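The values are calculated or read from the model by the stated rules, or taken from the named source; none is laboratory data. None of the values given here were measured: they were computed from a predicted structure. Here the Cβ positions follow ideal geometry from the backbone for every residue, glycine too, while neighbour counts run over all protein chains shown.
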Amino acid sequence: GAVVSQHPSWVICKSGTSVKIECRSLDFQATTMFWYRQFPKQSLMLMATSNEGSKATYEQGVEKDKFLINHASLTLSTLTVTSAHPEDSSFYICSAQRGLAGRNIQYFGAGTRLSVL
Amino acid sequence: QKEVEQDPGPLSVPEGAIVSLNCTYSNSAFQYFMWYRQYSRKGPELLMYTYSSGNKEDGRFTAQVDKSSKYISLFIRDSQPSDSATYLCAMSEESGYSTLTFGKGTMLLVSP
């Protein structure tokens with residue numbers, strides 16, 4: 001199956017600092033990647049769609065200046081949480097879309113737990 | 001009314017039981033239906049992918065879609081303790097460039 005690597009798996013940072021999360025598709029090229037946020041016992045909420053070589057498309061209510069997304073290559077997308085605050089603490093998950101037998105399927109990374117002190 | 005409704009559980013069953021997990025939805029434009037399994041503090045793993053109405057079987061897992069009722073199900077036969085996880089249904093309108101709409105997930109606990 002397709003492998004998506006997400007790093008780091010857990011990060012603790014001080015309020016006001018910035019944190020970068022990487023999402024890599026290891027065995028396929030992904031033109032499109034997605035970034036989600038998940039609160040405990042809640043569903044995945046789409047934050048933004050990342051397309052290689054172009055600007056990300058953010059969902060309503062997501063601050064694009066707060067959550068910077070860069071998709072510089074077909075195998076790497078990054079999410080930077082700028083000037084993080086405790087309310088940004090959450091589980092962030094990326095996915096990479098792969099075309100397979102006429103279908104486009106999202107494969108997920110293992111997630112990054114962000115704790116802002 | 002939320003777009004996708006899923007009972008959060010937890011659903012507790014003994015090992016070997018048949019498990020039924022369900023989602024209802026309101027958007028009649030959804031055509032592609034998926035079930036993901038998510039272990040604690042991990043990313044979701046794709047289990048089943050179906051298009052339109054009908055059944056699909058893969059080992060111990062069977063996915064059913066009834067578009068007329070806007071209702072999808074995942075059945076797990078001979079459940080195992082290793083099946084204990086949260087099961088998320090997800091749907092999209094298109095197969096191509098498309099976003100997924102997820103249910104909240106149902107937590108399943110299979111006891112030995």
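Within the range A:8-39, how many residues turn out to be within 16 Å of A:Phe108 (Cβ to Cβ), in a strand (DSSP E or B) and not charged (D, E, K, R)?
Counting residues in the range A:8-39 that are within 16 Å of A:Phe108 (Cβ to Cβ), in a strand (DSSP E or B) and not charged (D, E, K, R) gives 9.
Could you list all residues from the range B:18-39 that are within 30 Å of B:Ser111 (Cα to Cα) and either acidic (Asp, Glu) or loosely packed, with under 15 Cβ neighbours inside 10 Å (or both)?
B:Ile18, B:Ser20, B:Tyr39
Could you figure out which of (1) in a loop (DSSP other than H, G, I, E, B); (2) at pLDDT 95 or above isn't true of A:Thr80?
All conditions are met except number (1).
If a residue has to be facing chain B (nearest Cβ under 8 Å), surrounded by fewer than 20 Cβ atoms within 10 Å (Cβ to Cβ), part of a strand (DSSP E or B) and at pLDDT below 95 to count, how many in the range A:92-117 make the cut?
Final tally of qualifying residues: 3.
If the requirement is being out of contact with any Phe, Trp or Tyr (no Cβ under 9 Å at 6 or more places or on another chain) and either buried (at least 21 other Cβ atoms within 10 Å of the Cβ) or within 27 Å of B:Phe33 (Cα to Cα) (or both), which of these qualifies: A:Gln38, A:Gln42?
Selected residue: A:Gln42, the only one of A:Gln38, A:Gln42 that is out of contact with any Phe, Trp or Tyr (no Cβ under 9 Å at 6 or more places or on another chain) and either buried (at least 21 other Cβ atoms within 10 Å of the Cβ) or within 27 Å of B:Phe33 (Cα to Cα) (or both).
Taking the criterion of being within 24 Å of A:Ser9 (Cα to Cα) and among the aliphatic types (A, V, I, L, M), would at least one residue in the range B:60-82 satisfy it?
Within the range B:60-82, none of the residues are within 24 Å of A:Ser9 (Cα to Cα) and among the aliphatic types (A, V, I, L, M).
Checking B:Lys104 against (1) over 10 Å from the mean Cα position of the chain (by Cα); (2) under 23 Å from A:Gly99 (Cα atoms); (3) within 13 Å of chain A (Cβ to nearest Cβ); (4) among the charged types (D, E, K, R), only one condition comes out false. Which one?
For B:Lys104, the exception is condition (2).
What number of residues within the range B:47-97 are farther than 19 Å from A:Ser43 by Cα, away from every other protein chain (no Cβ under 14 Å) and of a type in the set (Val, Ile, Thr)?
3
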